[in-house]
Structures are given as C-alpha cells and as structure tokens.
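Below you'll find the structure, written out as structure tokens, and then a few comments.
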Amino acid sequence: MREQPTPRWQRFQIIWFTVLLLFLFSPGKLEAKRAEQKVVEAVRLEKPVNIDGLLNETVWQGPGYSDFVQAEPLDGQLPTEKTTVWVAYDDKALYVAARLYDSQPDKIARHLARRDDYVEADWFGFDIDPYYDRRTGFWFSINPSGSIMDGTLFNDEWDDTTWDGVWTGRTYIDEKGWSVELRIPYHQLRFKKQKSRNYIWGVNFRRVIKRKNEEISFVRVPKGESGYVSRFARLQGIAGINPGRYIEIIPFTVGKAEFGPVEENNPFETGEDYWANGGLDLKVGLKSNLILDATANPDFGQVEVDPAVINLSAVETYYEEKRPFFIEGANTFIFGQGGANDFWNFDWGNPTFFYSRRIGQAPRLLGSLDGEFVDYPEGTAILAAAKITGKIGNGWNIGLLNALTSREYAEIQFNDTRLKEEVEPFSYYGVFRAQKEFNNGRQGLGMIANLVYRDLKSENAVNELNRNAFSFAVDGWTALDKDKSWVVTGWLGGTRVSGSEASMLTLKKSYPHYYQRPDTTHVTLTGDTTTLSGWAGRVTVNRQKGHLVFNAALGAISPGFNITDLGFQWRGDIINAHVVAGYRSYHPGKLFRNWMVAAASHRNYDFGGNRIGEAYYLISRAQLLNYWRLDLLVGYYPDQWSNTMTRGGPLMRQPSFVFSRFDISSDRRKPIILSFHGDYFNGRNDYKYWFGQLNVEIRPNSNFSFSIGPAYETNRTDLQWVANIEDTLMTDTYGTRHIFATIDQETVSAVIRMNWIFTPKLSLQLFLQPFISVGKYEGFKEFARPGSLDFNYFGQNDSEISAEGDQYRIDPDGAGPAEACYIDNPDFNYKSLRSTLVLRWEFKPRSILYLVWTQNRWDESHPGDFDFSRDIGDLLRASGTNIFMIKFSYRFQL
C-alpha cells in the first residue's frame with residue numbers, strides 16, 4: 001500500500017510555520033542607525049583635462065575627499081593607506097581622479113588582465129547611481145596596469161559585468177603610490193535629463209590593496225547589514241550639461257576556413273570549406289535614459305566552445321550564454337529575484353523565463369528522408385535582433401528584445417540526386433520585461449512576457465514543433481519592517497503553447513510533463529487538443545541582515561506549465577517547500593575570519609499528493625585567518641517516490657541515500673592558487689557516486705596565468721533507465737516494459753586555461769578540455785510493480801537476453817506468449833578534445849580584431865571498456881575539425 005501523504009505534509013507545515021514565526025519575532029539586534037549621507041561636490045572644468053593619470057591639472061590640486069573606511073579585514077577601522085578623490089565635469093563627460101598613497105609603492109600589485117577579468121591586483125573603483133533611484137547604477141574599476149572592468153548595479157546590492165561602456169582611464173605609479181584619471185561620457189550613463197534643476201546623483205569610491213587583502217570604501221556598509229547603492233554619497237553641483245544623442249555603428253566582416261577528415265564519395269566532407277560573411281551592430285541613445293542595441297546577421301565565432309558532457313537524464317543540459325549581444329545587459333531580464341539579497345533552492349530549479357540560448361539553437365527536426373550523405377546545419381542563423389533597455393515614465397525599468405531566425409535546411413545526397421529538407425522553421429522571438437521600485441526600494445512590482453511564433457510549413461515541422469508559445473508572469477517584493485530586515489518576494493506566471501494535435505501529444509508525453517503516466521489521476525493524456533496551458537509561482541521570506549540566517553520558500557509548477565520555447569525548465573508537476581535557519585559571524589576570531597552554520601530541510605509533492613522529494617541538510621562555510629576558504633554540506637534523503645524515473649511510466653520507489661559536498665580554496669593573493677571540489681553520494685540499491693576536481697592556478701608574473709583542473713567522476717547505480725517498450729501482456733505496469741540496468745560509469749576530464757595579456761587591449765587566451773566518459777551496462781531488468789522497487793531480471797525465471805551485434809535481444813518469458821524485443825546496446829566510450837585559441841586586439845574602444853583557432857576531435861571506439869592510456873591515445877590520434885577564423889569590427893560614432 002502506498003503511504004498517504006497528507007498527515008506528513010500537515011506536520012511539515014506546522015514545523016515550517018513554527019520556525020518561521022520564531023525567526024520573524026526573534027529579538028535579534030536591529031540595524032544601527034545609518035550614518036548621515038556624505039556629500040561630494042563636482043567642480044566644473046575651466047580647462048580641458050589630459051587623461052594620463054598624472055594629476056597635474058589645477059582642478060586636482062584642491063583638498064578632495066579622503067574620509068575612507070575599511071570594509072576588510074577590519075570593518076569600520078581607518079585605512080592603512082590614505083586615498084583622496086576628486087570629481088569634475090564639463091558639458092560632455094564626468095571626470096574622476098584619485099591619489100592612492102602607498103608606503104611601499106614597489107609592492108603595488110599590478111597584474112595585467114583582459115577587460116572584465118578580475119585579477120588579484122590593487123584596484124580603484126568608482127560607482128555611480130545617475131538615476132538616483134537608490135537601487136541601480138554603473139561601476140568602473142581600473143588597476144595599476146591599466147586593466148579595466150565595468151558593469152551595472154541592480155537590486156541595491158548585486159552587480160553584473162556584462163555591460164561594456166566606452167570610457168577612458170589611465171594610471172601612473174610614482175614614489176607616493178599610484179594615481180588614476182577617468183573620463184566617463186554622459187552618453188554612457190542613463191539618467192533623466194534636467195532642464196532647469198541641478199543634477200543629483202549617488203556615488204561611491206572603492207579601493208583594494210591586494211597584498212594586505214584590504215578593501216576600503218568612501219561609503220561604509222557595516223558587516224551584517226544590507227544595502228549598497230541606497231547608501232551612496234550624494235553627488236551635487238552638476239548643471240548645464242548636454243549629453244546629446246549617441247549613435248554607434250559597428251560593421252564587421254568574418255572569414256572562416258574549416259579543415260577536417262575526408263570521407264570517400266561524400267560531397268559534403270571534402271576536407272575543406274571556406275566561408276565569408278559580414279554584418280552590422282548598432283547602438284543608439286534614444287533618450288538619455290533609453291538605449292537601442294541592434295544586430296544584423298551576427299556572428300559569434302569568437303566565443304569559447306561549450307564543454308563536452310554526457311547526459312543520461314531526462315533533463316536537457318543547461319549551457320551558459322556566451323554571445324556578447326545577449327549577455328550585455330542580461331540582468332535587465334532577470335525575473336523573480338528582486339528585493340531579497342539571498343535565494344536558496346533545495347531540489348527546486350526556478351524556471352528561467354528568458355533563456356537566450358533558445359535563439360539560434362541547433363535545428364531540432366531530424367528529417368524524414370534517408371540518404372547516402374547528409375549535411376546538417378550546426379545552428380540556426382540569426383537574421384536580426386534588437387533590444388531596448390532603460391527607464392521610462394515614472395521610474396519603470398524596461399527591457400524589450402526581438403529576434404528573427406532563418407529557415408534552415410539539411411542537404412541530402414540520395415543516389416545522384418541532391419535534395420533539401422527543412423529542419424528548422426523561420427521563427428520570431430520576443431520578450432518584454434518591466435519593473436518598478438516604490439518607497440525607496442521597500443516594495444517592487446514587475447512583469448515579463450514572452451512570445452514565440454514559428455512559420456511551420458513542412459509536415460514534420462507541423463507534427464513535431466509548437467507553432468506559438470506565450471507566457472506572462474508578475475513578480476514583486478515587500479519589506480516587512482522599517483529597517484528592511486525581512487523581505488518577502490514572490491512571482492506568479494502562466495504559459496500557453498499551441499500547435500497541431502500531433503505536436504501537443506508529443507509535448508505532453510515529454511519531460512517534465514509525462515501526461516501518459518498510467519497510475520495518476522491529476523493528468524490525463526488526450527490526443528485531440530491543440531493547446532497546453534499551465535501555471536507556476538513561488539513566495540520566499542528572507543532575513544536580509546544580522547547574525548541570524550533564515551530563508552523559507554513555497555513554490556509550485558503545474559503539470560501543464562511549459563516555458564521551454566524561450567525559457568528553461570528544470571522540473572514540472574511539483575510543489576516544493578524549504579526552510580533554512582542558522583547563524584553567521586562576520587568578525588575575526590581565534591581561528592576564523594568569518595563563518596556560517598545552518599540547517600535546512602525541504603519536501604516536494606506532485607499535484608497528485610505523492611511525496612517525490614525530502615531531505616535534511618547541515619551547511620557550514622568559513623574563511624580562515626590565512627584567507628583559506630572551507631565549505632561543507634552534508635545531507636540525508638529518506639525513501640521517497642519518483643514520478644520521472646520510468647520516463648512516463650508509473651511511480652517508482654526511490655531508495656534513501658546520504659551525500660556530502662566539500663570545497664576548499666587557498667589564499668588568492670599567492671602566485672599558486674589551489675582549490676578542490678568534491679561530491680559523494682552513497683545509497684541503498686548499490687548507488688555510489690563520487691566526483692572530485694582539483695584546480696591549480698599558476699601566475700608566475702603580472703601578465704601570464706595558467707590553470708589546470710583535472711576531474712574524476714565515478715557513478716554506479718542499478719536504477720539507470722534504458723528504454724520503454726510497449727507490450728500489452730505486461731499488465732502489471734500498464735502495458736509497457738520499463739527496462740533498467742546497472743551502469744558503471746567513469747569520467748576523466750580536465751579544464752585547461754591560459755591567459756597571456758600583452759597589454760590591457762591585446763591578449764591571447766586558450767581553452768582546452770580533454771574529456772573521456774565510459775559507461776558499461778549490465779544486469780538488464782524490467783520494472784515489476786508500480787510504487788515498488790521490484791524488478792524482473794532478464795535471464796532469470798524463463799526470460800532470456802542475448803547480445804546480437806550492436807543490440808540485445810530480450811524475450812521476457814522465453815516460450816511464453818510475449819514477443820521478443822530488441823534494444824540497442826547502450827554501452828559507450830565517448831572521447832572528446834575541444835579547444836579554442838583567441839587572439840584579441842581592441843585597437844580602439846569597441847573596434848576589435850579577432851584571430852581564432854577552434855579544434856574539435858572525438859572518438860567512440862571500445863564502448864563500455866575503460867582503459868585510460870589506450871583511450872587518451874585514441875583521442876590524440878582521432879581525426880577532427882580545425883576552424884580558423886578572422887573577424888574585424890570597426891566602431892563609428894556619429
């Protein structure tokens with residue numbers, strides 16, 4: 001008998017809300033009264049400033065501002081070195097100067113880095129809130145070598161490095177220390193133009209003295225408190241400026257040459273291929289607070305290749321976005337995470353409403369025509385894309401993105417005939433995001449809407465793809481108290497997809513929906529509908545500050561919710577709740593510089609009331625006095641149900657297991673940096689998993705770094721799904737045989753990186769990933785009874801199994817009435833070597849020359865048999881492809 005979940009769920013609710021009330025009404029120390037807001041006066045320039053870092057202009061000879069305070073390592077103490085800053089302006093730009101005194105100038109850390117790559121060096125940073133909304137802004141950083149970083153600030157405390165502005169910074173090192181001059185054009189900042197009033201902006205200044213691990217700031221944020229942008233000093237004195245209209249055009253041209261193995265008689269694999277292309281990027285300041293970015297026929301051949309993976313689960317692999325057009329300003333489209341400064345997830349994957357990798361993804365139609373040779377496109381071309389970001393009306397942050405992708409065809413050689421078949425339709429993608437804060441950020445409200453339309457013409461496309469997809473969701477937050485110590489955040493959204501009856505049937509039978517599950521009553525599979533709709537939402541309570549750690553959430557995703565046309569979805573048909581409670585210390589003691597301990601628990605149910613997840617965790621994090629870091633997580637999963645392990649079949653019992661996760665990393669100031677990450681799982685039914693990765697980073701001098709991260713992974717489980725085969729005689733599992741096996745899998749890989757920075761604008765970067773994964777399947781069996789962990793093993797009790805070539809022949813009852821079936825041998829031995837070498841020269845701001853070499857080689861010999869020396873030899877001898885690319889872009893400012 002299956003246990004009834006309701007009493008357990010009620011007990012869990014009682015515990016959850018009891019702990020919540022205890023923390024809500026705990027007498028924890030309230031936030032100290034905030035210091036009075038500092039004021040910085042900007043001075044109008046009378047003479048031009050030469051941006052050279054020398055600080056020899058008259059405007060920099062005044063007293064400036066020097067009242068900085070430590071954030072690290074001694075919070076609230078005076079800095080060990082003096083820093084003075086000045087701010088000036090003219091009609092076109094803002095100017096910032098800093099004198100960073102140093103008693104030992106020969107020890108200033110001055111590592112070179114490519115733009116937006118953080119290195120362990122001294123840094124000076126300038127942050128500005130030109131909207132003066134106390135929530136958002138821009139930040140600019142420069143180190144003594146002249147390497148720069150920049151980005152945006154949002155949600156009061158978060159930052160994003162994907163924005164690249166056009167600004168100038170220079171540094172100079174002398175016997176006093178080092179100095180900085182910055183020039184930031186107004187058209188790079190977004191603010192509301194004032195006609196009759198002076199401008200009031202928020203500002204902060206930061207400095208890092210790396211050899212001391214000292215961080216100082218003009219505006220202090222005490223440890224244990226929340227808020228950053230909301231604490232900025234007030235910058236005043238700016239008046240009579242004229243930002244002007246900003247228009248930037250960047251045409252580019254690309255040339256590629258691909259060389260690979262020659263396949264006899266294959267007209268598509270001749271060993272070489274040449275290709276040239278061109279396009280245009282456009283940036284227009286529609287107003288001083290709105291920016292239009294557009295691209296026509298973009299090419300992203302300079303980005304790093306995706307890592308190799310072996311995915312044996314039903315969940316698709318999530319890949320990070322790397323294309324510049326989509327990552328710049330990506331924080332505008334972040335949904336459901338405003339207001340709170342911390343979010344926890346336990347066995348819950350928050351749906352991503354906008355997953356930009358959908359635009360230009362690999363074609364999904366395999367085609368219906370067989371041929372001797374097939375030339376299948378690797379990706380879908382983006383014809384054009386445009387986005388508008390900024391603020392409108394009474395403080396609404398908006399983001400609007402539209403993209404068109406081309407119709408793609410596979411070429412098929414059939415005898416002496418060359419055919420074309422559509423493998424991806426012409427498609428439109430659109431997303432709109434809006435968000436507004438109220439009452440100085442105490443409340444917020446936002447929304448997001450997605451639309452996908454596909455022009456389906458071929459029969460395959462109509463039967464397999466969704467024609468339309470629409471989603472709409474709202475999110476928001478509110479502080480529960482005056483000091484904003486507690487914040488509640490939440491979101492709620494719905495989706496609706498439409499297509500043919502055949503495409504909807506396919507969608508309902510796929511992960512994570514599985515409407516065909518035979519032992520459930522809350523979903524029903526029908527083949528006469530042309531739409532699928534669903535909803536999802538989550539509410540979270542978070543403790544924002546102080547020593548107490550608390551976070552609790554309740555979320556749900558309905559069975560019909562489907563965001564995958566323009567988003568990413570980890571789970572479906574789930575109700576999830578968790579609670580985390582703990583304590584953290586921010587101040588150094590005898591052993592630790594800071595530490596945190598917490599306990600957590602979560603539980604999941606599906607919409608039919610089945611308990612499909614439960615776990616208990618102990619969590620600890622610490623930084624030692626020598627700046628080493630330690631993280632440890634241990635947990636226990638008791639027995640529970642799984643509604644996905646049979647891939648659309650009945651519920652299966654999932655046995656209990658324990659797990660742990662451990663991380664350690666050394667002091668990053670040293671020339672050799674070590675880190676280790678390990679995972680260990682051990683459960684009943686012969687389940688064992690172990691993963692370990694050691695990373696070594698070597699920095700012998702200021703402009704070169706090399707890192708290698710070898711990893712080893714082993715996975716053994718007797719619950720690896722293999723196939724589902726229909727058989728009406730298998731009445732115990734509703735007419736389908738769900739075949740499982742024991743898998744022994746070993747994976748050896750490494751991530752190798754080299755960065756050679758000649759100047760802040762000229763760099764050479766290498767990415768190299770050798771990857772070997774071998775899986776051996778044995779002990780084939782079929783699921784015997786719903787709600788159990790019972791199996792019928794093939795080769796026992798009159799059943800038969802035998803290998804026939806690359807297949808297994810399975811007869812479930814020998815001489816009985818059941819027909820024999822065949823499954824492909826699932827053993828594998830996948831070997832891959834992926835590498836990218838990029839020479840990047842930014843000879844002018846946003847004008848860049850790329851020289852790129854990409855190599856991919858692979859081998860699949862000896863499936864199921866792992867021999868490292870043999871397999872690495874096979875990989876090095878394997879044939880592959882070499883792609884050489886040159887890309888040139890030139891920026892014109894109008």
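The values are calculated or read from the model by the stated rules, or taken from the named source; none is laboratory data. Computed from a prediction, not measured in an experiment: that's the story for all the values here. Every residue, glycine among them, receives a Cβ derived from its backbone with ideal geometry; neighbour counts consider all protein chains shown. Protein only, heavy atoms only, side chains kept; ligands, DNA and RNA dropped before computing areas. Shrake-Rupley method; radii C 1.70, N 1.55, O 1.52, S 1.80 Å.
Summary of values
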{"quantity": "Residue list for the stretch 724-744, filter: open to solvent by less than 20 Å² (accessible area, probe 1.4 Å), farther than 13 Å from PRO812 by Cα and part of a strand (DSSP E or B)", "calculated": "PHE740, ALA741, THR742, ILE743"}
{"quantity": "Per-region count, the stretch 625-641, residues surrounded by fewer than 17 Cβ atoms within 10 Å (Cβ to Cβ) and in a strand (DSSP E or B)", "calculated": "5"}
{"quantity": "Residue pairs meeting the criteria (Cβ under 7 Å; at least 6 apart or on separate chains; first more than 22 Å from LEU404 (Cβ to Cβ) and open to solvent by less than 40 Å² (accessible area, probe 1.4 Å), in the stretch 311-327; second part of a helix (DSSP H, G or I) and at pLDDT below 90)", "calculated": "none"}
{"quantity": "Per-region count, the stretch 859-879, residues in contact with a helix residue (DSSP H, G or I) (Cβ under 8 Å, 6 or more places away or on another chain) and of a type in the set (Phe, Trp, Tyr)", "calculated": "0"}
{"quantity": "Every residue from the stretch 833-860 that is open to solvent by 40 Å² or more (accessible area, probe 1.4 Å) and charged (D, E, K, R)", "calculated": "ARG834, LYS844, ARG846, ARG857, GLU860"}
{"quantity": "Qualifying residue in the stretch 166-189 (condition: among the aliphatic types (A, V, I, L, M), closer than 25 Å to ILE388 by Cα, touching a Pro at 6+ places or on another chain (Cβ under 6 Å) and surrounded by fewer than 21 Cβ atoms within 10 Å (Cβ to Cβ))", "calculated": "yes"}
{"quantity": "When residues of the stretch 267-295 are limited to those that are closer than 30 Å to ASP90 by Cα and either outside any strand (DSSP E or B) or free of Cβ contacts under 8 Å to residues at least 24 places away in the same chain (or both), the one farthest from the chain's Cα centre (by Cα)", "calculated": "SER288"}
{"quantity": "Sole residue being closer than 26 Å to ALA461 by Cα and either of a type in the set (S, T, N, Q) or touching a Lys or Arg at 6+ places or on another chain (Cβ under 8 Å) (or both), chosen from ASN394, ASN415", "calculated": "ASN415"}
{"quantity": "Matching entry among GLY224, GLY202, GLY244 (being out of contact with any Leu (no Cβ under 8 Å at 6 or more places or on another chain) and either closer than 24 Å to GLU36 by Cα or crowded, with 21+ Cβ neighbours inside 10 Å (or both))", "calculated": "GLY224"}
{"quantity": "Residue that is farthest from PHE740 (Cα to Cα) [pool: residues in the stretch 657-706 that are part of a strand (DSSP E or B) and of a type in the set (Lys, Arg)]", "calculated": "ARG699"}
{"quantity": "Whichever residue in the stretch 443-478 is open to solvent by less than 20 Å² (accessible area, probe 1.4 Å) and part of a loop (DSSP other than H, G, I, E, B) and, among such residues, is nearest to ALA340 (Cα to Cα)", "calculated": "ASN466"}
{"quantity": "Matching entry among ASN542, ASN562 (being on the phi < 0 side of the Ramachandran plot, assigned to a strand (DSSP E or B) and crowded, with 19+ Cβ neighbours inside 10 Å)", "calculated": "ASN542"}
{"quantity": "Pairs, first touching a residue at least 40 places away in the same chain (Cβ under 8 Å) and under 19 Å from PHE326 (Cβ atoms) in the stretch 153-178, second among the basic types (Lys, Arg) and open to solvent by less than 30 Å² (accessible area, probe 1.4 Å), C-beta under 9 Å, six or more apart", "calculated": "PHE154/ARG135"}
{"quantity": "Residue list for the stretch 559-575, filter: more than 17 Å from TYR319 (Cα to Cα) and not acidic (Asp, Glu)", "calculated": "PRO559, GLY560, PHE561, ASN562, GLY572, ILE574, ILE575"}
{"quantity": "Residue count for the stretch 247-266, restricted to those that are open to solvent by 30 Å² or more (accessible area, probe 1.4 Å) and outside any strand (DSSP E or B)", "calculated": "5"}
{"quantity": "Flag if SER533 is under 31 Å from the mean Cα position of the chain (by Cα), closer than 21 Å to THR564 by Cβ and assigned to a loop (DSSP other than H, G, I, E, B)", "calculated": "no"}
{"quantity": "Scan of the stretch 545-559 for residues that are closer than 20 Å to GLN443 by Cα and not in a strand (DSSP E or B), ordered by number", "calculated": "LYS545"}
{"quantity": "Residue check, PHE218 at pLDDT 90 or above, surrounded by 18 or more Cβ atoms within 10 Å (Cβ to Cβ), more than 29 Å from PRO144 (Cα to Cα) and not hydroxyl-bearing (Ser, Thr, Tyr)", "calculated": "no"}
{"quantity": "Unique residue being closer than 30 Å to GLU726 by Cβ, among the charged types (D, E, K, R) and in contact (Cβ under 8 Å) with a residue 12 or more places away in the chain when the list is ASP667, ASP663, ASP606, ASP631", "calculated": "ASP606"}
{"quantity": "Scope the stretch 696-723; condition open to solvent by 60 Å² or more (accessible area, probe 1.4 Å) and in contact with an Asp or Glu (Cβ under 7 Å, 6 or more places away or on another chain); matching residues", "calculated": "ARG716"}
{"quantity": "Residue satisfying all of: in the stretch 68-92; within 30 Å of HIS187 (Cα to Cα) and out of contact with any helix residue (DSSP H, G or I) (no Cβ under 7 Å at 6 or more places or on another chain); most open to solvent (accessible area, probe 1.4 Å) among these", "calculated": "ASP91"}
{"quantity": "Candidates SER503, SER533, filtered to the one that is at pLDDT 95 or above, among the small types (Gly, Ala, Ser) and open to solvent by 10 Å² or more (accessible area, probe 1.4 Å)", "calculated": "SER533"}
{"quantity": "Restricting the stretch 496-530 to residues that are over 25 Å from TYR605 (Cα atoms) and among the charged types (D, E, K, R), the residue that is farthest from the chain's Cα centre (by Cα)", "calculated": "ASP528"}
